[in-house]
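Down below is the structure, laid out as structure tokens.
The values are calculated or read from the model by the stated rules, or taken from the named source; none is laboratory data. Here the structure is a predicted model, which means the values were calculated and not measured. Counting neighbours? That spans all protein chains shown, and the Cβs are built from the backbone with ideal geometry, glycine included.
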Amino acid sequence: MSRLRTVLASRWFKLLLSVLLLAVLLFETDRSEMRAAIAEANLAWLALAFATLVFSQVVSAYRWTLLARAVGFTQPFSRVCSIYFSGMYLNLFGPGTVAGDVGRVILLAGGQRRKLAFTTVIAHRAIGFVALVWITAIAVVLLPEQPLPEALRWTGALAMPATIAGWVWGPRLIARLLPRTNNWRVLVERDLAPYWHDRALLVIAMLWAAAAQLLQIVAQVFVAYALNLHLPTSFFLVVVPLVTVAGTLPFSLQGVGVREAGYWYYLSSIGVQREAALAVGLLTSAVVLLTGLTGLPAFLMLRQEKAMTAEPPEDAEIAPRQPSGQRPRA
């Protein structure tokens, strides 16, 4: 079992899964028509999608800054934003968002308070996930064009109160199961108190999270426009969030393959040609990967900064060591 877990967690397994999914989709699609659709894509709309996605990441970085400051991290927004974008770059080399989140923890903590830094990343992810769930739930309940089962609509209606209850009481109930002196219980009940009691912080963080998620959905609208596709609202407000969540799971590299499969299946089911459906997924993945590359300058800057603080300057003078029992000459 441990060997199987190691294989499933391997970067090469994620890469293989992404390649296999893409291979199956390409086999089921007229590749010449798909290439023609991509070649005719409007570059202006794609550039706008890229700019919107980058801006959404800046918004997310600001939200993380608010959460980090609430528990004692005092770095300015410019530095936290650099750390956040460095994590985006690191995500290109690991499954899901694991590599980027680990990098953000290390860079934010600076060698100290790593548990606290870790919880800020978890809180940031959790609030973003809740905002995405709420957007999808509202769309499921309110969109009349959605031919969905009544049970799914009820599930959407219950999503908001369920996630609020889970956020407010879930972690503290789990902490109560631990001994009073346990470090994690102390962390949850004392150090993370603002996340449970500061309602203004939670509301503001949720609003910023919703703004970031909506910007990412708008970026997807621009990708569709680039291919001259005018897709139903349900695709952007229901399918895109579901595929986004699936793409962040540690089963593929940056959601490549998973994203294309989700779009290919849904869009084909509503009458969009398979070639155009796959083109939407491929161009979206390209924009996402390019957005991750924007974190490279920040990553290089922080790595150089760490190297400079870890090593003394090359021209630093070293005072000669005096023999024991002798005083230095005047």
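For the stretch 114-136, enumerate the residues that are surrounded by 17 or more Cβ atoms within 10 Å (Cβ to Cβ) and closer than 13 Å to L187 by Cβ. Across the stretch 114-136, the qualifying residues are L116, A117, F118, T119, T120, A123. For the stretch 29-81, a tally of residues being closer than 22 Å to L289 by Cα, among the small types (G, A, S) and over 23 Å from the mean Cα position of the chain (by Cα) returns 5.
On the basis of being farther than 21 Å from V258 by Cβ, at pLDDT below 90, not in a helix (DSSP H, G or I) and not acidic (D, E), does G96 make the cut? Show your work before the answer.
Details: farther than 21 Å from V258 by Cβ: no; at pLDDT below 90: yes; not in a helix (DSSP H, G or I): yes; not acidic (D, E): yes.
Criteria not met by G96.
Looking at the structure I just gave you, is L158 among the hydrophobic types (A, V, I, L, M, F, W, C), modelled with pLDDT under 75 and outside any loop (DSSP other than H, G, I, E, B)? Taking the combined requirement at face value, the residue does not satisfy it. Given the criteria more than 24 Å from R114 (Cβ to Cβ) and free of Cβ contacts under 8 Å to residues at least 12 places away in the same chain, does A200 qualify? Judged against the criteria, A200 is a match. Reported count of residues in the stretch 99-116, each being assigned to a helix (DSSP H, G or I) and more than 16 Å from the chain's Cα centre (by Cα), is 7. Taking the stretch 177-191 as the range and being surrounded by 14 or more Cβ atoms within 10 Å (Cβ to Cβ) and out of contact with any Leu (no Cβ under 8 Å at 6 or more places or on another chain) as the test, the residues that pass are L178, V186, V188, E189. Here is the figure for the stretch 1-37: residues that are modelled with pLDDT of 60 or more, hydrophobic (A, V, I, L, M, F, W, C) and in contact with a helix residue (DSSP H, G or I) (Cβ under 7 Å, 6 or more places away or on another chain) total 6.
Evaluation of Q254 against the conditions (1) assigned to a loop (DSSP other than H, G, I, E, B); (2) at pLDDT 85 or above shows that the sole unmet condition is (2).
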